[in-house]
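Colleague: Structure below; questions to follow.
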Amino acid sequence: QLQFVESGGGLVHAGGSLRLSCLASGLSGFIFRASAMYWYRQSPGKERELVASISPTDTNYVDSVKGRFTIARDNAKNTVYLQMDNLKPEDTAVYYCYSSSGGVWGQGTQVTVSS
């Protein structure tokens, strides 16, 4: 069964950086390489929001994080990363990853940015 394990969250001051990691377990390397991977976030009382995506050939970002966040993948490790720089208080949320191949949502990792 495809599952996601997110890590790397924490508490930082505004302007700080964090690097999130997500291991996609239960997915063959072949399928992982061919899959698009996504980072979502959800704040209390808000809808889950797609923040960034990475396909085998392309990356995309929501406007609010462009120039600050970078999504990357290591196909040898079935892992996707989200480098977050110049963090803002409005980036505070639980961050989740997901795959175009489906799977079970993980627990997410909490990111808290203080002003």
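Colleague: In µm²/s, what is D for the chain at 4 °C and 1.567 mPa s, where D = kT/(6 pi eta Rh) by Stokes-Einstein and Rh is the Kirkwood radius from Cα pairs?
Modeller: The calculation lands on 92 µm²/s.
Colleague: Say each of Ser55 and Ala76 gets a label point 7 Å from the Cα, pointing the same way as Cα to Cβ; how far apart are those two points in nm?
Modeller: 2.6 nm
Colleague: A further question follows. What list of ³J(HN,Hα) values in whole Hz, one per residue of region 105-111 in order, does the Karplus curve 6.51 cos²θ - 1.76 cosθ + 1.60 (θ = phi - 60°) give from phi, with Gly and Pro shown as x?
Modeller: 4, x, 7, x, 9, 7, 10
Colleague: Which residue, Lys66, Lys77, Lys46, has the most motion in a Gaussian network model of the chain that connects Cα atoms within less than 10 Å?
Modeller: Lys46
Colleague: Sort out for me the Cα centre separation of region 10-60 from region 69-84, rounded to whole Å.
Modeller: 8 Å
Colleague: In a GNM of the chain with a 10 Å cut-off on Cα contacts, which of Ser55, Ser99, Ser64 has the highest mean-square fluctuation?
Modeller: In this elastic network of the chain, the residue with the biggest mean-square fluctuation among Ser55, Ser99, Ser64 is Ser64.
Colleague: Here is a follow-up. If r is the Cβ-Cβ distance from Lys88 to Gln3 and R0 is 22 Å, what FRET efficiency results, to the nearest 0.05?
Modeller: Details: r = 30 Å, r/R0 = 1.37.
E(calc), rounded to 0.05, equals 0.15.
Colleague: Now for a separate question. Please compute the per residue accessible area over the chain with all protein chains in place, 1.4 Å probe, rounded to a whole number of Å².
Modeller: For the chain, the solvent-accessible area averages 51 Å² per residue.
Colleague: Assuming R0 = 35 Å, what is the FRET efficiency of Ser101 and Ala14, from their Cβ-Cβ distance, to the nearest 0.05?
Modeller: After rounding, the FRET efficiency stands at 0.50.
Colleague: Right, something else. Work out, step by step, the length gained on full extension between Ser28 and Lys66: first 0.36 nm times the residue separation, then minus their alpha carbon distance; give nm to one decimal.
Modeller: 10.6 nm
Colleague: On to the next question. Under a point spin-label approximation (7 Å from Cα along Cα-to-Cβ), what is the Gln42-Ser115 distance to one decimal in nm?
Modeller: 2.6 nm
Colleague: Another question about this same structure. Taking H as built 1.01 Å from N, whose amide H comes closer than 5 Å to the amide H of Gly16, not counting residues under 5 places away?
Modeller: For Gly16, the qualifying residues are Leu87.
Colleague: On the protein heavy atoms, probe 1.4 angstrom, tell me the percent of accessible surface of the chain carried by carbon and sulfur.
Modeller: 50 percent
Colleague: Just Tyr61, Tyr98, Tyr38 to compare: in a GNM of the chain, with alpha carbon springs under 10 Å, which one fluctuates most?
Modeller: Tyr61
Colleague: Next question. Below 26 Å, Cα to Cα, which lysines can Lys88 reach? Residues fewer than 8 away in the same chain don't count.
Modeller: Straight-line reach from Lys88, under 26 Å: Lys46, Lys66.
The values are calculated or read from the model by the stated rules, or taken from the named source; none is laboratory data. Fair warning: this is a prediction, and the values are worked out from it, not measured in the lab. Positions of Cβ are backbone-derived with ideal geometry, glycine not excepted, and every protein chain shown enters the neighbour counts. Surface areas here come from the heavy atoms of the whole protein model, side chains and all, with no ligands, DNA or RNA. Shrake-Rupley method; radii C 1.70, N 1.55, O 1.52, S 1.80 Å.
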